[in-house]
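Read the structure below first, then the notes.
The values are calculated or read from the model by the stated rules, or taken from the named source; none is laboratory data. All of these numbers come straight from a predicted model, not from anything done at the bench. Don't worry about glycine lacking a Cβ; one is built from the backbone with ideal geometry, like all the others, and counts go over all protein chains shown. Surface areas here come from the heavy atoms of the whole protein model, side chains and all, with no ligands, DNA or RNA. Shrake-Rupley method; radii C 1.70, N 1.55, O 1.52, S 1.80 Å.
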Amino acid sequence: MVRRRRTSRKKRNSGAAGIFLAACFVLLLGAAAVAWLALAPYGPESETFVEVAPGSSTVKIGQQLEAAGVVRSQFGFDLVRWLKRGKLRAGEYRFDHPAAITEVYARIVRGDVFTKTVTIPEGATIFDIAARLEQAGFGTRQDFLDAQAKAAGLVADLDPEARSLEGYLFPDTYHFARKATPEQLCATMVRRFRVIAGQLGLKGNVHRVVTMASLVERETAVDAERPLVASVFENRLAKKMPLATDPSVIYGLELEGQWRGAIYQSDLQRKTPYNTYLYAGLPPGPVGNPGVRSLRAAMEPAHTNYLYFVAAGANAQGRSLFATTLDEHNHNVAGYRHAVKRAGGR
(Lines give C-alpha, C1' and ligand atoms only; values in the text may rest on other atoms or scores of the structure.)
Protein backbone atom coordinates (compact mmCIF):
# COMPACT_ATOMS: atom_id res chain seq x y z
CA MET A 1 0.00 0.00 0.00
CA VAL A 2 2.73 2.48 0.89
CA ARG A 3 4.63 1.80 -2.35
CA ARG A 4 1.59 2.47 -4.51
CA ARG A 5 1.03 5.92 -2.93
CA ARG A 6 4.64 6.85 -3.62
CA THR A 7 4.31 5.79 -7.25
CA SER A 8 1.10 7.79 -7.69
CA ARG A 9 2.70 10.86 -6.14
CA LYS A 10 5.68 10.54 -8.49
CA LYS A 11 3.37 10.36 -11.51
CA ARG A 12 1.51 13.48 -10.40
CA ASN A 13 4.77 15.38 -9.88
CA SER A 14 6.06 14.24 -13.24
CA GLY A 15 2.83 15.32 -14.98
CA ALA A 16 2.90 18.76 -13.35
CA ALA A 17 6.50 19.28 -14.40
CA GLY A 18 5.62 18.31 -17.96
CA ILE A 19 2.75 20.77 -18.06
CA PHE A 20 5.02 23.49 -16.65
CA LEU A 21 7.71 22.81 -19.22
CA ALA A 22 5.14 22.76 -22.03
CA ALA A 23 3.73 26.09 -20.82
CA CYS A 24 7.22 27.59 -20.71
CA PHE A 25 7.90 26.31 -24.19
CA VAL A 26 4.66 27.86 -25.49
CA LEU A 27 5.48 31.13 -23.75
CA LEU A 28 8.95 31.14 -25.25
CA LEU A 29 7.54 30.46 -28.67
CA GLY A 30 5.02 33.27 -28.20
CA ALA A 31 7.71 35.66 -27.00
CA ALA A 32 9.91 34.71 -29.93
CA ALA A 33 7.02 35.25 -32.32
CA VAL A 34 6.24 38.65 -30.82
CA ALA A 35 9.91 39.64 -30.93
CA TRP A 36 10.17 38.51 -34.54
CA LEU A 37 6.99 40.39 -35.43
CA ALA A 38 8.15 43.58 -33.72
CA LEU A 39 11.87 43.54 -34.45
CA ALA A 40 12.41 41.73 -37.76
CA PRO A 41 12.87 44.32 -40.55
CA TYR A 42 10.07 44.46 -43.07
CA GLY A 43 8.83 47.00 -45.57
CA PRO A 44 9.27 48.55 -48.98
CA GLU A 45 12.51 48.78 -50.89
CA SER A 46 11.33 51.90 -52.74
CA GLU A 47 9.64 55.14 -51.73
CA THR A 48 6.19 54.62 -50.20
CA PHE A 49 3.95 57.27 -48.62
CA VAL A 50 1.31 56.78 -45.94
CA GLU A 51 -1.07 59.60 -44.98
CA VAL A 52 -2.23 59.43 -41.36
CA ALA A 53 -5.35 61.55 -41.05
CA PRO A 54 -6.04 63.52 -37.83
CA GLY A 55 -8.07 61.46 -35.39
CA SER A 56 -7.14 58.09 -36.92
CA SER A 57 -7.37 55.14 -34.53
CA THR A 58 -4.47 52.78 -33.89
CA VAL A 59 -6.38 50.05 -35.72
CA LYS A 60 -6.90 52.29 -38.75
CA ILE A 61 -3.23 53.32 -38.84
CA GLY A 62 -2.12 49.70 -38.53
CA GLN A 63 -4.41 48.74 -41.41
CA GLN A 64 -2.97 51.52 -43.57
CA LEU A 65 0.60 50.49 -42.80
CA GLU A 66 -0.09 46.84 -43.58
CA ALA A 67 -1.95 47.68 -46.79
CA ALA A 68 0.99 49.85 -47.91
CA GLY A 69 3.45 47.05 -47.17
CA VAL A 70 5.22 49.04 -44.46
CA VAL A 71 4.56 46.53 -41.64
CA ARG A 72 4.11 42.77 -41.81
CA SER A 73 0.96 42.79 -39.67
CA GLN A 74 -1.34 45.43 -38.26
CA PHE A 75 -1.68 43.27 -35.13
CA GLY A 76 2.04 43.61 -34.50
CA PHE A 77 1.73 47.37 -34.77
CA ASP A 78 -1.29 47.33 -32.44
CA LEU A 79 0.68 45.26 -29.93
CA VAL A 80 3.64 47.66 -29.94
CA ARG A 81 1.23 50.57 -29.48
CA TRP A 82 -0.46 48.77 -26.59
CA LEU A 83 2.88 48.10 -24.91
CA LYS A 84 4.39 51.54 -25.39
CA ARG A 85 1.24 53.72 -25.07
CA GLY A 86 2.64 56.57 -27.18
CA LYS A 87 0.60 59.25 -28.96
CA LEU A 88 0.48 58.75 -32.72
CA ARG A 89 0.73 61.92 -34.80
CA ALA A 90 -1.07 62.78 -38.02
CA GLY A 91 0.78 63.63 -41.23
CA GLU A 92 2.32 62.08 -44.29
CA TYR A 93 5.12 59.61 -43.69
CA ARG A 94 7.71 58.38 -46.15
CA PHE A 95 9.14 54.86 -45.98
CA ASP A 96 11.89 53.68 -48.30
CA HIS A 97 13.57 50.72 -46.59
CA PRO A 98 12.66 47.67 -44.50
CA ALA A 99 12.40 48.50 -40.80
CA ALA A 100 11.23 46.96 -37.54
CA ILE A 101 7.69 47.76 -36.41
CA THR A 102 9.21 49.45 -33.37
CA GLU A 103 11.08 51.85 -35.67
CA VAL A 104 7.94 52.58 -37.71
CA TYR A 105 6.00 53.16 -34.50
CA ALA A 106 8.69 55.47 -33.07
CA ARG A 107 8.66 57.62 -36.21
CA ILE A 108 4.90 58.13 -36.03
CA VAL A 109 5.11 58.96 -32.32
CA ARG A 110 7.83 61.54 -33.06
CA GLY A 111 5.77 63.01 -35.87
CA ASP A 112 8.66 62.45 -38.28
CA VAL A 113 6.49 63.51 -41.23
CA PHE A 114 7.81 63.95 -44.73
CA THR A 115 8.24 67.56 -45.85
CA LYS A 116 9.88 69.51 -48.64
CA THR A 117 12.27 72.26 -47.63
CA VAL A 118 12.03 75.61 -49.43
CA THR A 119 14.15 78.65 -48.58
CA ILE A 120 12.74 82.09 -49.40
CA PRO A 121 15.59 84.64 -49.38
CA GLU A 122 15.20 88.15 -48.03
CA GLY A 123 13.97 90.53 -50.71
CA ALA A 124 12.42 87.81 -52.87
CA THR A 125 9.38 88.98 -54.83
CA ILE A 126 6.19 87.02 -55.44
CA PHE A 127 7.69 86.13 -58.84
CA ASP A 128 10.88 84.77 -57.24
CA ILE A 129 8.89 82.79 -54.68
CA ALA A 130 6.57 81.38 -57.34
CA ALA A 131 9.58 80.14 -59.33
CA ARG A 132 11.15 78.49 -56.27
CA LEU A 133 7.92 76.75 -55.33
CA GLU A 134 7.43 75.47 -58.86
CA GLN A 135 10.98 74.10 -58.83
CA ALA A 136 10.23 72.35 -55.53
CA GLY A 137 7.19 70.66 -57.06
CA PHE A 138 4.38 72.74 -55.59
CA GLY A 139 2.35 73.30 -58.73
CA THR A 140 3.07 75.87 -61.40
CA ARG A 141 4.42 79.36 -61.02
CA GLN A 142 1.08 80.79 -62.18
CA ASP A 143 -0.83 78.68 -59.64
CA PHE A 144 0.98 80.43 -56.82
CA LEU A 145 0.72 83.91 -58.34
CA ASP A 146 -3.04 83.48 -58.74
CA ALA A 147 -3.44 82.10 -55.23
CA GLN A 148 -1.51 84.89 -53.51
CA ALA A 149 -3.50 87.56 -55.36
CA LYS A 150 -6.79 85.97 -54.26
CA ALA A 151 -5.50 85.62 -50.70
CA ALA A 152 -4.82 89.33 -50.13
CA GLY A 153 -7.59 89.22 -47.54
CA LEU A 154 -5.18 87.38 -45.24
CA VAL A 155 -3.54 90.74 -44.48
CA ALA A 156 -6.59 93.01 -44.81
CA ASP A 157 -6.40 93.90 -41.11
CA LEU A 158 -2.74 94.87 -41.45
CA ASP A 159 -2.87 96.49 -44.87
CA PRO A 160 -6.32 97.33 -46.25
CA GLU A 161 -4.62 98.62 -49.41
CA ALA A 162 -2.97 95.27 -50.22
CA ARG A 163 -3.88 93.85 -53.62
CA SER A 164 -1.54 90.89 -53.24
CA LEU A 165 0.59 89.31 -50.52
CA GLU A 166 3.76 91.03 -51.71
CA GLY A 167 5.67 92.13 -48.64
CA TYR A 168 3.87 89.74 -46.30
CA LEU A 169 5.35 86.40 -47.40
CA PHE A 170 8.06 86.33 -44.80
CA PRO A 171 11.50 85.16 -46.03
CA ASP A 172 12.56 82.06 -44.14
CA THR A 173 13.28 78.35 -44.53
CA TYR A 174 10.03 76.40 -44.61
CA HIS A 175 9.20 72.72 -44.34
CA PHE A 176 6.02 72.17 -46.32
CA ALA A 177 3.91 69.04 -46.56
CA ARG A 178 4.34 67.35 -49.94
CA LYS A 179 0.70 67.99 -50.91
CA ALA A 180 0.46 71.54 -49.59
CA THR A 181 -1.71 73.76 -51.80
CA PRO A 182 -0.68 77.25 -52.96
CA GLU A 183 -3.27 78.64 -50.51
CA GLN A 184 -1.69 76.73 -47.63
CA LEU A 185 1.78 77.90 -48.64
CA CYS A 186 0.61 81.51 -48.61
CA ALA A 187 -1.10 81.13 -45.24
CA THR A 188 2.05 79.62 -43.68
CA MET A 189 4.29 82.48 -44.86
CA VAL A 190 1.79 85.13 -43.76
CA ARG A 191 1.53 83.52 -40.31
CA ARG A 192 5.30 83.74 -40.04
CA PHE A 193 5.15 87.43 -40.97
CA ARG A 194 2.60 88.04 -38.24
CA VAL A 195 4.82 86.38 -35.65
CA ILE A 196 7.79 88.56 -36.65
CA ALA A 197 5.65 91.71 -36.80
CA GLY A 198 4.46 90.99 -33.28
CA GLN A 199 8.00 90.50 -32.03
CA LEU A 200 9.07 93.80 -33.61
CA GLY A 201 6.05 95.68 -32.31
CA LEU A 202 5.04 96.65 -35.85
CA LYS A 203 1.92 98.80 -35.61
CA GLY A 204 0.41 101.89 -37.18
CA ASN A 205 0.81 102.31 -40.92
CA VAL A 206 2.00 98.79 -41.69
CA HIS A 207 1.61 99.35 -45.44
CA ARG A 208 4.09 102.22 -45.37
CA VAL A 209 6.61 100.44 -43.16
CA VAL A 210 6.60 97.24 -45.22
CA THR A 211 6.85 99.18 -48.49
CA MET A 212 9.82 101.15 -47.16
CA ALA A 213 11.43 97.99 -45.77
CA SER A 214 11.10 96.26 -49.14
CA LEU A 215 13.01 99.09 -50.83
CA VAL A 216 15.73 98.95 -48.18
CA GLU A 217 15.97 95.17 -48.56
CA ARG A 218 16.41 95.37 -52.32
CA GLU A 219 19.00 98.16 -52.14
CA THR A 220 21.52 96.71 -49.67
CA ALA A 221 22.44 93.42 -48.03
CA VAL A 222 24.79 95.14 -45.56
CA ASP A 223 23.08 95.20 -42.18
CA ALA A 224 24.79 98.35 -40.92
CA GLU A 225 23.64 100.26 -44.01
CA ARG A 226 19.95 99.45 -43.80
CA PRO A 227 19.05 102.30 -41.38
CA LEU A 228 21.15 104.68 -43.51
CA VAL A 229 19.36 103.71 -46.73
CA ALA A 230 16.03 104.16 -44.93
CA SER A 231 17.18 107.61 -43.82
CA VAL A 232 17.97 108.61 -47.43
CA PHE A 233 14.48 107.63 -48.54
CA GLU A 234 12.84 109.40 -45.60
CA ASN A 235 14.86 112.56 -46.23
CA ARG A 236 13.94 112.57 -49.93
CA LEU A 237 10.27 112.02 -49.10
CA ALA A 238 10.38 114.93 -46.67
CA LYS A 239 11.75 117.16 -49.45
CA LYS A 240 9.27 115.73 -52.00
CA MET A 241 12.15 114.44 -54.10
CA PRO A 242 11.63 111.33 -56.28
CA LEU A 243 13.17 108.29 -54.62
CA ALA A 244 14.80 107.24 -57.93
CA THR A 245 15.26 103.65 -56.79
CA ASP A 246 15.90 100.97 -59.39
CA PRO A 247 14.26 98.04 -57.52
CA SER A 248 10.92 99.79 -57.68
CA VAL A 249 11.27 100.41 -61.41
CA ILE A 250 12.22 96.76 -61.94
CA TYR A 251 9.21 95.61 -59.96
CA GLY A 252 6.87 97.71 -62.07
CA LEU A 253 8.35 96.14 -65.18
CA GLU A 254 7.93 92.64 -63.71
CA LEU A 255 4.27 93.30 -63.03
CA GLU A 256 3.80 94.23 -66.68
CA GLY A 257 5.92 91.34 -67.95
CA GLN A 258 8.41 93.83 -69.42
CA TRP A 259 11.50 93.13 -67.31
CA ARG A 260 14.44 92.26 -69.59
CA GLY A 261 17.01 91.36 -66.95
CA ALA A 262 18.69 94.79 -66.95
CA ILE A 263 17.50 98.39 -66.73
CA TYR A 264 17.65 100.39 -69.92
CA GLN A 265 17.24 104.15 -70.29
CA SER A 266 13.86 103.60 -71.89
CA ASP A 267 12.72 101.74 -68.77
CA LEU A 268 13.33 104.84 -66.67
CA GLN A 269 10.84 106.70 -68.85
CA ARG A 270 8.19 104.00 -68.74
CA LYS A 271 5.09 105.25 -66.96
CA THR A 272 4.33 102.58 -64.40
CA PRO A 273 3.10 103.49 -60.88
CA TYR A 274 6.34 102.01 -59.58
CA ASN A 275 8.62 104.31 -61.56
CA THR A 276 10.13 106.31 -58.71
CA TYR A 277 12.17 108.35 -61.17
CA LEU A 278 9.02 109.85 -62.64
CA TYR A 279 6.78 109.95 -59.58
CA ALA A 280 7.56 111.28 -56.11
CA GLY A 281 6.57 109.38 -53.00
CA LEU A 282 6.68 105.72 -52.14
CA PRO A 283 5.61 103.18 -54.76
CA PRO A 284 2.02 101.86 -54.46
CA GLY A 285 3.12 98.88 -52.37
CA PRO A 286 6.01 96.60 -51.40
CA VAL A 287 8.45 95.57 -54.13
CA GLY A 288 9.62 92.42 -52.36
CA ASN A 289 9.42 90.61 -49.05
CA PRO A 290 11.69 92.16 -46.45
CA GLY A 291 13.41 90.40 -43.56
CA VAL A 292 13.64 91.40 -39.91
CA ARG A 293 16.57 93.81 -40.25
CA SER A 294 15.02 95.80 -43.06
CA LEU A 295 11.70 95.98 -41.25
CA ARG A 296 13.50 97.28 -38.19
CA ALA A 297 15.42 99.81 -40.30
CA ALA A 298 12.16 101.09 -41.81
CA MET A 299 10.69 101.41 -38.32
CA GLU A 300 13.82 103.12 -36.94
CA PRO A 301 15.74 104.86 -39.74
CA ALA A 302 19.02 106.57 -38.89
CA HIS A 303 19.04 110.34 -38.38
CA THR A 304 21.17 111.75 -41.20
CA ASN A 305 21.21 114.47 -43.84
CA TYR A 306 21.95 112.02 -46.64
CA LEU A 307 19.95 112.42 -49.84
CA TYR A 308 21.91 110.15 -52.20
CA PHE A 309 23.76 106.87 -52.24
CA VAL A 310 25.49 104.50 -54.62
CA ALA A 311 24.10 101.09 -53.64
CA ALA A 312 26.39 98.41 -52.22
CA GLY A 313 25.58 96.06 -55.06
CA ALA A 314 26.84 98.61 -57.56
CA ASN A 315 30.03 99.42 -55.69
CA ALA A 316 33.20 97.44 -56.36
CA GLN A 317 34.14 97.82 -52.67
CA GLY A 318 30.91 96.10 -51.61
CA ARG A 319 29.57 99.00 -49.57
CA SER A 320 27.18 101.84 -50.24
CA LEU A 321 28.49 105.38 -50.65
CA PHE A 322 26.30 108.06 -49.07
CA ALA A 323 26.20 111.76 -49.89
CA THR A 324 24.44 114.88 -48.69
CA THR A 325 24.82 116.95 -51.88
CA LEU A 326 24.52 116.16 -55.56
CA ASP A 327 28.16 117.12 -56.10
CA GLU A 328 29.28 114.57 -53.52
CA HIS A 329 27.04 111.98 -55.11
CA ASN A 330 28.39 112.67 -58.60
CA HIS A 331 31.90 112.25 -57.20
CA ASN A 332 30.90 108.88 -55.70
CA VAL A 333 29.34 107.80 -59.00
CA ALA A 334 32.48 108.77 -60.89
CA GLY A 335 34.57 106.79 -58.39
CA TYR A 336 32.30 103.79 -58.81
CA ARG A 337 32.57 103.93 -62.61
CA HIS A 338 36.34 104.21 -62.41
CA ALA A 339 36.51 101.21 -60.06
CA VAL A 340 34.32 99.17 -62.42
CA LYS A 341 36.50 100.12 -65.37
CA ARG A 342 39.64 99.07 -63.51
CA ALA A 343 37.98 95.78 -62.62
CA GLY A 344 37.35 95.12 -66.30
CA GLY A 345 33.67 96.10 -66.35
CA ARG A 346 31.94 98.51 -68.65
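What's the number of the only condition in (1) polar (S, T, N, Q); (2) in contact (Cβ under 8 Å) with a residue 60 or more places away in the chain; (3) touching an Asp or Glu at 6+ places or on another chain (Cβ under 7 Å) that N235 fails to meet? Going through (1) polar (S, T, N, Q); (2) in contact (Cβ under 8 Å) with a residue 60 or more places away in the chain; (3) touching an Asp or Glu at 6+ places or on another chain (Cβ under 7 Å) one by one, N235 breaks only (3). Comparison of T140, T119 shows that the only residue that is in contact (Cβ under 8 Å) with a residue 40 or more places away in the chain, polar (S, T, N, Q) and surrounded by fewer than 14 Cβ atoms within 10 Å (Cβ to Cβ) is T119. For region 215-225, the criterion of being surrounded by 17 or more Cβ atoms within 10 Å (Cβ to Cβ), among the small types (G, A, S) and at pLDDT 95 or above is met by no residue. Would you check if there is a residue in region 82-95 being at pLDDT 85 or above and over 17 Å from G111 (Cα atoms)? Scanning region 82-95, I find at least one residue that is at pLDDT 85 or above and over 17 Å from G111 (Cα atoms), so the answer is yes.
With the requirement that a residue be over 23 Å from the mean Cα position of the chain (by Cα) and within 14 Å of E51 (Cα to Cα), what does region 75-94 give you?
The one that is over 23 Å from the mean Cα position of the chain (by Cα) and within 14 Å of E51 (Cα to Cα): L88.
Any idea how many residues of region 193-249 are closer than 23 Å to I263 by Cα and β-branched (V, I, T)? Counting residues in region 193-249 that are closer than 23 Å to I263 by Cα and β-branched (V, I, T) gives 8. When each of A244, A180, A197 is tested for being on the phi > 0 side of the Ramachandran plot and surrounded by 14 or more Cβ atoms within 10 Å (Cβ to Cβ), the lone residue that passes is A244.
In the set (1) at pLDDT 95 or above; (2) surrounded by 17 or more Cβ atoms within 10 Å (Cβ to Cβ), K239 fails one condition alone, (2).
Per-residue answers, yes or no, for (1) aliphatic (A, V, I, L, M); (2) within 20 Å of E166 (Cβ to Cβ); (3) exposed (fewer than 14 other Cβ atoms within 10 Å of the Cβ):
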| site | (1), (2), (3) |
| --- | --- |
| Q265 | no, no, yes |
| Q269 | no, no, yes |
| Y274 | no, yes, no |
| Y277 | no, no, no |
| P284 | no, yes, no |
| L295 | yes, yes, no |
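Considering only residues that are touching a helix residue (DSSP H, G or I) at 6+ places or on another chain (Cβ under 7 Å) and either small (G, A, S) or assigned to a loop (DSSP other than H, G, I, E, B) (or both), look in region 79-89 and name the one that is least open to solvent (accessible area, probe 1.4 Å). Only one residue fits best here, namely G86. When the helices (runs of 4 or more DSSP H) confined to region 243-346 are screened for residues that are more than 13 Å from R218 (Cβ to Cβ) and over 28 Å from the mean Cα position of the chain (by Cα), those reaching at least 3 such residues are found at 326-342.
The numbered conditions (1) open to solvent by 30 Å² or more (accessible area, probe 1.4 Å); (2) within 21 Å of the chain's Cα centre (by Cα) are all true for Q148 except (1).
Please work out which residue is nearest to L228 (Cα to Cα), limiting yourself to region 297-309 and to residues that are among the aliphatic types (A, V, I, L, M) and buried (at least 21 other Cβ atoms within 10 Å of the Cβ).
A297
On the basis of being on the phi < 0 side of the Ramachandran plot, exposed (fewer than 14 other Cβ atoms within 10 Å of the Cβ), of a type in the set (A, V, I, L, M) and at pLDDT 90 or above, does A23 make the cut? The answer is no for A23.
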